[in-house]
Every structure is written in C-alpha cells, then in structure tokens.
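First up is the structure itself, then whatever we jot down about it.
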Amino acid sequence: MPRPGDRADKPGTRGDPFPQDLASYLAASTGLPQATAVRVVADVATYFNETVEDFVRRRHAELRHRPYKNEEIWPLLAAELEQRRFAAPELSERQLRRIVYG
C-alpha cells in the first residue's frame, strides 16, 4: 500500500494514483493535515484498484482468521462481491475456491 512520501503518491509526480488536487481539496474541506489527506486518498485509491482475485484472497484469509468455515465463507464472498465497485461476474463456489487455492 502506498505510504506518504512514496514517489507514486506525491501529487504531481509520474505514476500519481489520483488527481493532483484531490488531496489538497480533501485537506481543505476536512481540516486534515496535508500528509494525512495524501495517505487517505492513497488508501482509497488502493482500495478501488483491488482486483476481484485479490479481494477474494484477502477476504478469505480475513474470514478464516475468524471462526468461519469455508462453507460459510463462499456465500459471504459471493454476496460481498455484488456490493463491490468492480463489476464482478457471478462466481460459483468452485470458482471462488480456485481463486484461493489455485
């Protein structure tokens, strides 16, 4: 995840992951320090750039660390995918397992 001070998340540098004025606007409109606004915008950009596969792997790992069993996880993942901003295709439990386990 980008951190403040990383070249890629300094507004105005090549590879800028968000519009240059977005962090400044956020800082001005919320009263956040500029460095905090840059970090928030970089975190949100990272969130929205997550692929379906990365999301499924990450959420599966998170849910496995809780007392969830796989037969409970697959329907939860399928429901969460419907709410995500990316247009995820409808995936079967088998397809979800293949993403996680290969």
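Brief remarks follow.
- Close pairs from segment 44-64: first over 19 Å from Leu76 (Cβ atoms), partner surrounded by 15 or more Cβ atoms within 10 Å (Cβ to Cβ), Cβ under 6 Å, at least 6 apart: Ala45/Pro17; Ala45/Phe18
- Tally, over segment 48-78, of residues that are closer than 29 Å to Phe18 by Cβ and not β-branched (Val, Ile, Thr): 13
- Residue ID - modelled with the lowest pLDDT, chosen from residues in segment 65-93 that are under 12 Å from Val52 (Cα atoms) and part of a loop (DSSP other than H, G, I, E, B): Ala87
The values are calculated or read from the model by the stated rules, or taken from the named source; none is laboratory data. Computed from a prediction, not measured in an experiment: that's the story for all the values here. Positions of Cβ are backbone-derived with ideal geometry, glycine not excepted, and every protein chain shown enters the neighbour counts.
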